[in-house]
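Engineer: Right, I'll just put the structure down here and ask away after.
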Amino acid sequence: MTDFYQQRQIAKKENYERKASEAETRSTEYFKQYSRQSDFLTQPLLSDHHSFKPAQSRRKKIIALADKGLEQHNKAKHYRHKLANEGNAIASDNPTAVDMLQAKLTHLQAKQKEMKEINRTVKKHKDADPQTRLDALKEYGLTNSEIVELLKPDFAGRMGYPSYELTNNSASMRRVKKRIEELENHDLYADISETGKGWNLEANEGRLVLEFDEKPESETLGHVKRCGYKWAPSRKAWVRKDTPNARKAISELTKPLKPLQQSTS
């Protein structure tokens, strides 16, 4: 399973690289076309001349080239960003996800504890001379610039880590704990096989795969899409990432499918 996960990560990175390169190529080509014709945009439009409408139409087409170039440029940036950040998130289908989340939780807990201790130290030495406060805070391994920021009073004269940082960090801890519980209580690699009249659902390589014998009615497809499934041409099936939430929602997906499929018999 670990090998499969790593192979899929490699394939995902290669796909992002390919899409980014293709978008960059298209962007360059659109901007080249725009550059070759942009001088036309400096020419005045004569509203009472017979050439007005053709000239106006051409101007729109030239401007559209720049718009398309910018659109493809932004698309390339999007995929470059995804490529650069791939692997930073902890995917639920990563075989080491629980261990990684536990490490993240430990870090967040240590951060929460340290922020509270630093705030107590700041409060304790609130009226002390600057050097005493500096020495007390340096014990936490803070740099001079970090200490200066912590000792800057806010609008209410409060110093130290603001309450919202503690609140946000605490919320992050709760989210990570919840994910750990979900992953520990759900076996993502357990077999799934549900079949109805004309359809089949199974877990395959980190995805829930829904196949139909024939193209379903639009009402059925709408339901499948609302349940988070997307068409995968390579599989010729509807797929969704295999996560605890996806598995919980299987009954929601299949319950309406059964009568819908039976009605076509």
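Engineer: Below 8 Å between Cα atoms, with a sequence gap of 6+, how large is the relative contact order for the range 2-85 in percent?
Structural biologist: Relative contact order, the range 2-85: 52 percent.
Engineer: Using a 10 Å cut-off on Cβ atoms, rank the peptides 201-209, 109-117 from the highest mean neighbour count down. Please report the intermediate quantities before stating the final value.
Structural biologist: Numbers: 201-209: 18.3, 109-117: 13.9.
Highest-to-lowest ranking by the protection proxy: 201-209, 109-117.
Engineer: Sort out for me the Cα centre separation of the range 107-153 from the range 52-71, rounded to whole Å.
Structural biologist: One Cα centre to the other: 58 Å.
Engineer: Could you size up the charge dipole of the chain around its Cα centre, putting +1 on the beta carbon of Lys and Arg and -1 on that of Asp and Glu, and report it in debye to the nearest 20?
Structural biologist: The dipole magnitude comes to about 820 debye.
Engineer: What stretch of the chain, leaving out the sites themselves, is the longest with no chymotrypsin sites (Phe, Trp or Tyr not before Pro) in a DSSP loop having at most 15 other Cβ atoms within 10 Å? If you can, show how the numbers build up before the last one.
Structural biologist: Values: sites that count: Y140, F155, Y189.
The longest uninterrupted stretch comes out as 1-139.
Engineer: Run the dipole for the range 97-185 about the Cα centre, Lys and Arg Cβ at +1, Asp and Glu Cβ at -1, nothing else charged, and hand back the magnitude in debye, nearest 20.
Structural biologist: 280 debye
Engineer: Report, to two decimal places, the Cα Rg of the chain normalised by 2.2 N^0.38 Å (N = number of residues). Spell out each step's value before the answer.
Structural biologist: Values: Rg = 28.7 Å, N = 265, 2.2 N^0.38 = 18.3 Å.
That works out to 1.56 for the chain.
Engineer: Here is a further query. Quick one: which of K177/K225; K111/K177; K178/K230; K113/K178; K123/K177; K13/K68 span more than 22 angstrom between C-alpha atoms?
Structural biologist: In this structure, K177/K225; K178/K230; K123/K177; K13/K68 lie more than 22 Å apart at Cα.
Engineer: Using the Cα centre of the range 124-167 as the reference point, and only Cβ charges (+1 on K/R, -1 on D/E), how large is the resulting charge dipole? Debye, rounded to the nearest 20.
Structural biologist: The calculation lands at about 100 debye.
Engineer: Among G141, T96, L210, whose Cα lies farthest out toward the positive end of the dipole of the range 88-244, if unit charges sit on the beta carbon of Lys, Arg (+1) and Asp, Glu (-1)?
Structural biologist: Checked the options; the winner is G141.
Engineer: Mind jotting down a quarter of the surface of the convex hull over the alpha carbons of the range 97-185, in square nanometres, one decimal? Display every interim value, and only then the final one.
Structural biologist: Details: hull surface 25.8 nm².
Here the figure is 6.5 nm², rounded to one decimal.
Engineer: Something else about it: With 29 Å as the limit, write out which pairs from K12/K104; K82/K197; K12/K116 have Cα-Cα distances beyond it, or answer none.
Structural biologist: K82/K197; K12/K116
Engineer: Turning to a different aspect of this structure: For the range 2-85, compute Rh as the Kirkwood radius over C-alpha pairs and then the Stokes-Einstein diffusion coefficient at 20 °C and 1.002 mPa s; write the answer in µm²/s, rounded to an integer.
Structural biologist: For these conditions, the coefficient is 141 µm²/s.
Bear in mind that the values in this text are calculations on the coordinates, not laboratory data. Remember, it's a predicted structure, so these values are computed and weren't measured experimentally. FYI the Cβ positions are ideal-geometry reconstructions off the backbone, even for glycines, and counts take in every protein chain you see.
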